[in-house]
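J.: Before anything else, here's the structure in question.
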Amino acid sequence: NYGGADDDFCWALSPTHDGGFVLAGETRSSGAGEEVVLLIKIDSQGTELWAQTYGGAAGDRCFSVAPAPDGGYMLAGQTFSYGAGDRDVHVVKADANGQLEWSRTFGGPASDVGHCITRTADGSFLVTGYTTSFATVGDDPYLIKIDQLGKTHWRRVIPLDGTRHTLTGEQDSDGGFFLAGFSDDPQTGKRSALLVKTDPQGNLDWYQDILRTTVGESFGYTVRATPDGGCVLTGHTTVGSAGARDLFLVEVDDE
């Protein structure tokens with residue numbers, strides 16, 4: 001166990017070059033505010049080597065971590081302490097010892113969240129999330145490509161009908177990206193899993209609502225590209241389930 005007297009959460013982990021791991025999340029046990037970003041380094045036996053916090057007084061969370069080419073770490077989440085208003089996408093770069101190197105915010109006056117950061121083939125990083133500030137209706141998928149020095153390559157809002165959130169993303173063999181999340185049907189109020197495919201510049205190729213029905217709900221959590229150009233999507237669903245919620249696994253081809 002890792003943490004202090006108050007709430008401490010781990011939302012993501014990543015292996016390190018020395019056989020250990022970094023755990024990323026948030027803590028109320030230490031730091032400057034209500035909750036702050038927490039990064040913990042452990043060795044291969046689980047012994048804590050160091051812990052660092054990042055954030056301000058208003059509340060900051062981390063949902064994803066990825067190793068950087070220089071041995072440091074890239075973290076993505078949300079911040080109420082900094083940015084343009086409400087909660088903004090928050091990207092933090094730490095060095096190999098967890099020392100803060102820089103942080104960046106992305107967003108507008110409404111709610112904007114970064115849920116996943118993953119390394120791309122060119123050594124940069126894709127941040128996947130959703131935005132209310134720049135959405136056409138409700139929430140739209142929000143993508144940011146950034147390098148380890150904090151330079152923004154591009155930002156994309158994918159305008160789709162209704163309220164749609166993308167939570168995770170992974171690069172495909174063609175250089176584009178698969179994104180996973182969920183959609184809310186404005187007519188029925190039901191939720192379906194969402195799968196989005198973009199080109200290498202983050203522009204929409206196609207999207208699908210997976211397991212969309214009027215009698216159950218589904219939620220996409222994770223997507224992984226497959227060698228044949230397709231992907232596998234996982235999450236939970238009540239559609240045809242044996243109980244309240246079941247795990248689902250969907251394979252999609254490259255067309």
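The values are calculated or read from the model by the stated rules, or taken from the named source; none is laboratory data. Small disclaimer: the values here were computed from a predicted structure and weren't measured. The protein model used for the area step is the full one, side chains on, heavy atoms only, and it has no ligands, DNA or RNA in it. Shrake-Rupley method; radii C 1.70, N 1.55, O 1.52, S 1.80 Å.
J.: Return the whole-Å distance between the Cα centroid of the stretch 19-72 and the Cα centroid of the stretch 110-129.
T.: The two parts, judged by their Cα centres, are 17 Å apart.
J.: Once amide H atoms are placed 1.01 Å from N in the peptide plane, what residues at a sequence separation of 5 or more from LYS190, or on another chain, have their amide H within under 5 Å of its amide H?
T.: Residues meeting the criterion, in which the H sits 1.01 Å from N, are ASP185.
J.: Roughly to the nearest percent, how much of the accessible area of the stretch 1-109 is carbon and sulfur, given a 1.4 Å probe? Numbers along the way, then the final one.
T.: Working: 2250 of 4870 Å².
Ligands and nucleic acids excluded, carbon and sulfur reach 46 percent.
J.: Okay, moving on. As a quick test, which of the pairs LYS151/LYS197; LYS145/LYS197; LYS41/LYS197 have an alpha carbon distance above 26 angstrom in this structure? Let's see the in-between values first.
T.: On the way: LYS151/LYS197 24 Å; LYS145/LYS197 15 Å; LYS41/LYS197 34 Å.
Beyond 26 Å between Cα atoms: LYS41/LYS197.
J.: Keeping the other protein chains in place, figure out the carbon and sulfur percent of the accessible area of the stretch 170-235, with a 1.4 Å probe. Please list the in-between numbers first.
T.: Values: 1380 of 2820 Å².
With neighbouring chains kept in place, the figure for the stretch 170-235 is 49 percent.
J.: Now, a different point. How large is ³J(HN,Hα) for each residue in the stretch 78-94, as worked out from phi by the Karplus curve 6.51 cos²θ - 1.76 cosθ + 1.60 (θ = phi - 60°), to whole Hz, x for Gly and Pro?
T.: 9, 9, 9, 7, 10, x, 8, x, 6, 9, 10, 4, 10, 10, 10, 10, 10
J.: Accessible area per residue for the stretch 67-126 in Å², computed with a 1.4 Å probe and the full protein assembly in place, what is it? Could you put the intermediate results ahead of the total?
T.: Numbers: 2120 Å² over 60 residues.
Each residue of the stretch 67-126 exposes 35 Å² on average to a 1.4 Å probe.
J.: Would you kindly give the portion of the calculated P(r) for the chain that falls above 35 Å, as a percent of all Cα pairs? Walk me through the numbers on the way to the answer.
T.: On the way: 4588 of 32385 pairs.
When all Cα pairs of the chain are counted, 14 percent exceed 35 Å.
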